[in-house]
Amino acid sequence: MTSQSPDMKISLETPVRAPSAVPVDDAVLPFEVASLDLRGRLTRLGPALDDVLTKHDYPAPVGKLLGEAIVLTTLLGSSLKFDGRFILQTQTDGPVSFLIVDFQAPDRLRAYARYDAKRLKEGQDSGALLGKGHLAMTIDQGPDMSRYQGLVALDGGSLEDAAHEYFLRSEQIPTRVRLAVGEEWRGGGAGPKHRWRAGGVLLQFLPKAPERARQADLHPGDAPEGVAAHTVAEDDAWIEGQSLISTVEDIELIDPDLSGERLLYRLFHERGVRVFAPLPLRAQCSCSRDAVSAMLKSFAPDDRAAMVKDDKVVVTCEFCSSVYQFTPHEAGVE
């Protein structure tokens, strides 16, 4: 296993070492398998994920689904090369009608889920929880730059399925994603302790020769009956890469005692894997009293007046549950 900055040129002097046995939580680990033209990122989340999910005491199925969305967002948002934002958002007709994960480069994340507790049933998978609707992925480069947004239809599939569809239609980069979220229970003197953990891996085929990454044309939807679908033989290197990532088990992605480097070594040691400097992650909301005050003053006077209860205006941040109180005068109510 070799290690260096992803922006450095690879040379014959690149150091080779054994994979670190020390697990690193709340970080994204970029990696490369040069012999197969593969690049990817591995996310491991512990305290940061637990901080986001426990603030709202979500039911376990909702917490698991939001955790998957957070992992997917970190895998995608950590690729930003500028101080912008990557926002993943779903709007659907399922029991979990709304998810949003806001990743602010280089390392801050926050998330929120809206759900109908009466519609939650035992045994529902992520596709059943989401239902039908759409997934939006937005890249915000700042106030002076245009936004980029990609939309994917959700039709009872998982977030992994939606990510694959997004890359197929929007990026046209051969991509595979694995997501895993679990609850960890550990005993202690004060009783069992519950913690959320998650992990994920994104693998992409990026050969230097573009013809090697060709994919079949998308079905137009209105082709005459009997017309054969366009097919393209997959590159052997990408077939091998997909085969390897398909062997990753959920427990490996969330195991607190298995380091990310050792997991990557398990997968790719026969081909050789190079890791780069890990990118730290932290749970931190961007709300503040000044920001909430400015938001209140942007509302119409009648709307502000309707918010006054018991001679005060109370605003709770949906992301972090922070509560902000204002007098009517502070809220701009005349």
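Applying the set (1) surrounded by 13 or more Cβ atoms within 10 Å (Cβ to Cβ); (2) closer than 29 Å to Cys317 by Cβ to Met145 leaves exactly one unmet item: (1). Is there a residue being surrounded by 13 or more Cβ atoms within 10 Å (Cβ to Cβ), in contact (Cβ under 8 Å) with a residue 40 or more places away in the chain and either under 26 Å from Ile87 (Cβ atoms) or out of contact with any helix residue (DSSP H, G or I) (no Cβ under 6 Å at 6 or more places or on another chain) (or both) anywhere in segment 308-317? Looking for residues that are surrounded by 13 or more Cβ atoms within 10 Å (Cβ to Cβ), in contact (Cβ under 8 Å) with a residue 40 or more places away in the chain and either under 26 Å from Ile87 (Cβ atoms) or out of contact with any helix residue (DSSP H, G or I) (no Cβ under 6 Å at 6 or more places or on another chain) (or both), one finds none in segment 308-317, hence no. For segment 85-104, the tally of residues that are crowded, with 19+ Cβ neighbours inside 10 Å and either outside any strand (DSSP E or B) or touching a helix residue (DSSP H, G or I) at 6+ places or on another chain (Cβ under 7 Å) (or both) stands at 10. Being touching a residue at least 24 places away in the same chain (Cβ under 8 Å), out of contact with any helix residue (DSSP H, G or I) (no Cβ under 7 Å at 6 or more places or on another chain) and small (Gly, Ala, Ser) is a description that applies to Ala117.
Return the residues of segment 25-37 that are exposed (fewer than 15 other Cβ atoms within 10 Å of the Cβ) and of a type in the set (A, V, I, L, M, F, W, C); say none if nothing qualifies. The one that is exposed (fewer than 15 other Cβ atoms within 10 Å of the Cβ) and of a type in the set (A, V, I, L, M, F, W, C): Ala34. Taken over segment 315-334, the residue count meeting the criterion of being within 23 Å of Arg114 (Cβ to Cβ) and touching a Leu at 6+ places or on another chain (Cβ under 8 Å) is 1.
Output the residue which, of all residues in segment 186-215 that are in a loop (DSSP other than H, G, I, E, B) and of a type in the set (A, V, I, L, M), is modelled with the highest pLDDT. Applying the filter and picking the extreme gives Leu206. Which one of these does Gly272 not meet: (1) more than 23 Å from Leu72 (Cβ to Cβ); (2) at pLDDT below 90? Every condition holds for Gly272 apart from (2). Answer yes or no: is there a residue in segment 278-291 that is out of contact with any Asp or Glu (no Cβ under 6 Å at 6 or more places or on another chain) and assigned to a strand (DSSP E or B). Checked against the condition, which is being out of contact with any Asp or Glu (no Cβ under 6 Å at 6 or more places or on another chain) and assigned to a strand (DSSP E or B), segment 278-291 yields at least one hit.
Within segment 148-191, the set of residues being surrounded by 12 or more Cβ atoms within 10 Å (Cβ to Cβ) and among the small types (Gly, Ala, Ser) comprises Gly150, Ala153, Gly156, Gly157, Ser158, Ala162, Ala163, Ser170, Ala180, Gly182.
For segment 135-167, enumerate the residues that are assigned to a loop (DSSP other than H, G, I, E, B) and of a type in the set (Gly, Ala, Ser). Selection gives Gly142, Ser146, Gly156, Gly157, Ser158.
The values are calculated or read from the model by the stated rules, or taken from the named source; none is laboratory data. As the structure is a prediction and not an experimental result, all values here were calculated from the model. Here the Cβ is made from the backbone with ideal geometry for all residues, glycine too, and neighbour counts use every protein chain on show.
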